[in-house]
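Structure first, then comments.
The values are calculated or read from the model by the stated rules, or taken from the named source; none is laboratory data. Fair warning: this is a prediction, and the values are worked out from it, not measured in the lab. FYI the Cβ positions are ideal-geometry reconstructions off the backbone, even for glycines, and counts take in every protein chain you see.
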Amino acid sequence: MATNDNYLNDNNLRITPIVEFLYPYLVKQDTKFDPKWCLTLRFDPKNNPAHKDFLSKLSAANKSTGEELLKGITKGKNAYRVKDILRAEEDADGNSTGMYLLKVSTKTKPVLKDASGNPVSDHVGSSVGNGTKGRVRLALKKSTATNQKTVGLTAYFDRVQIVELVEYSGGSDNDGFGKVDGGFTVAQPGDVVDATGGDF
């Protein structure tokens with residue numbers, strides 16, 4: 001991904017730890033607003049030391065980047081604040097769950113890999129549902145949002161590694177049949193491929 005001065009160059013924040021995926025748009029774009037591929041990452045810092053360490057470093061990097069960007073604002077500086085790159089998750093009653101959410105997006109279709117580093121076909125990628133676990137490769141861009149009057153880091157991604165797949169269970173394909181272990185299965189095109197290297 002981009003490595004110029006507009007992006008944070010920190011190898012500690014390049015690859016996320018394995019996290020839970022929510023609202024994945026990995027094969028088709030989310031077209032509700034501005035068309036893009038996107039994904040929300042769910043971190044559990046209370047019970048996962050790797051999550052706690054990653055979020056601590058990300059928050060510190062966002063704060064220092066935001067403070068650096070504030071120094072460059074000459075007009076209406078006092079109206080700006082450092083953005084919250086993470087969002088605390090709340091339950092239906094508005095109480096904190098202890099989890100933190102990070103939304104990542106991209107204008108370029110992300111590369112999907114399995115746990116062994118093999119490419120994942122669009123057929124399989126389109127079945128990725130909430131609760132799937134994996135990790136992503138990030139690009140953290142230094143950004144000033146004049147409309148929101150915020151400064152800090154914006155999280156983009158270009159690669160996803162799926163470690164534990166939870167298949168999407170919605171839609172109109174539900175015909176009432178459950179899985180029969182040991183029964184006939186049809187191999188899907190592109191499901192078995194060779195690893196091609198890369199970060200995953």
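Descriptive notes on the structure:
- Of residues in the stretch 78-98 being among the charged types (D, E, K, R) and surrounded by 11 or more Cβ atoms within 10 Å (Cβ to Cβ), the one nearest to residue 46 (Cα to Cα): 89
- Unmet criterion (only one of (1) modelled with pLDDT under 95; (2) in a helix (DSSP H, G or I)) for residue 53: (1)
Condition check ((1) surrounded by fewer than 17 Cβ atoms within 10 Å (Cβ to Cβ); (2) more than 16 Å from the chain's Cα centre (by Cα); (3) under 26 Å from residue 26 (Cβ atoms)) across all residues:
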{"position": "42", "(1), (2), (3)": "no, no, yes"}
{"position": "55", "(1), (2), (3)": "no, no, yes"}
{"position": "109", "(1), (2), (3)": "yes, no, yes"}
{"position": "117", "(1), (2), (3)": "yes, yes, yes"}
{"position": "120", "(1), (2), (3)": "no, yes, yes"}
{"position": "132", "(1), (2), (3)": "no, no, yes"}
{"position": "135", "(1), (2), (3)": "no, no, yes"}
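- Hits in the stretch 62-95 - residues which are out of contact with any Leu (no Cβ under 6 Å at 6 or more places or on another chain), in contact (Cβ under 8 Å) with a residue 60 or more places away in the chain and among the aliphatic types (A, V, I, L, M): 69, 70, 73, 79, 82
- The criterion of being under 30 Å from residue 165 (Cβ atoms) and either out of contact with any helix residue (DSSP H, G or I) (no Cβ under 9 Å at 6 or more places or on another chain) or free of Cβ contacts under 8 Å to residues at least 12 places away in the same chain (or both) does not hold for residue 45.
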